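Here is the structure we will look at, set down as C-alpha cells.
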Amino acid sequence: VYKRQGHDDTTVPYSDVVDFCDKVTRLAGDCTLVGYEEATHGFFNKGRENDRWYNPTVAEMDVFLDKLGYLNAQ
C-alpha cells in the first residue's frame with residue numbers, strides 16, 4: 001500500500017493513516033506512508049495550488065512502484 005497524506009488534512013486525520021499503515025504492517029503487508037507538511041485533503045491532485053504537490057507525489061509513487069517491480073526501465 002502506498003499512502004501520501006497531508007499533515008493538515010481535516011477530512012482524514014494523519015493519525016488515522018498512521019494507524020492504518022501500522023495495521024497493514026502488523027498483518028505482514030507493506031505500507032509506505034509519505035507525509036507532507038502543510039498539505040490538506042486532496043493536495044496532490046493535478047492543478048491544485050499550481051501543481052505544488054503533484055510532481056513530488058508522482059515521484060514518490062514511482063519509487064514505490066519501482067520497488068515492487070511494476071516499473072522497469074528497458
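The values are calculated or read from the model by the stated rules, or taken from the named source; none is laboratory data. Predicted model only: the values in this text are computed from it and were never measured. Here the Cβ positions follow ideal geometry from the backbone for every residue, glycine too, while neighbour counts run over all protein chains shown. Please note that ligands, DNA and RNA were not included when accessible areas were found on the heavy atoms of the full protein model with its side chains. Shrake-Rupley method; radii C 1.70, N 1.55, O 1.52, S 1.80 Å.
Quick notes on this structure:
- Qualifying position, being aromatic (F, W, Y), modelled with pLDDT of 90 or more and open to solvent by less than 40 Å² (accessible area, probe 1.4 Å), among Y36, Y14: Y36
- You will find that of K23, K46, the residue that is open to solvent by 70 Å² or more (accessible area, probe 1.4 Å), within 23 Å of L71 (Cα to Cα), without any contact (Cβ under 8 Å) to a residue 40 or more places away in the chain and among the charged types (D, E, K, R) is K46 and no other.
- Scanning region 30-55 for residues that are at positive phi and among the small types (G, A, S) gives G42, G47.
- Scanning region 49-70 for residues that are outside any helix (DSSP H, G or I) and either within 23 Å of P13 (Cα to Cα) or open to solvent by 70 Å² or more (accessible area, probe 1.4 Å) (or both) yields a count of 4.
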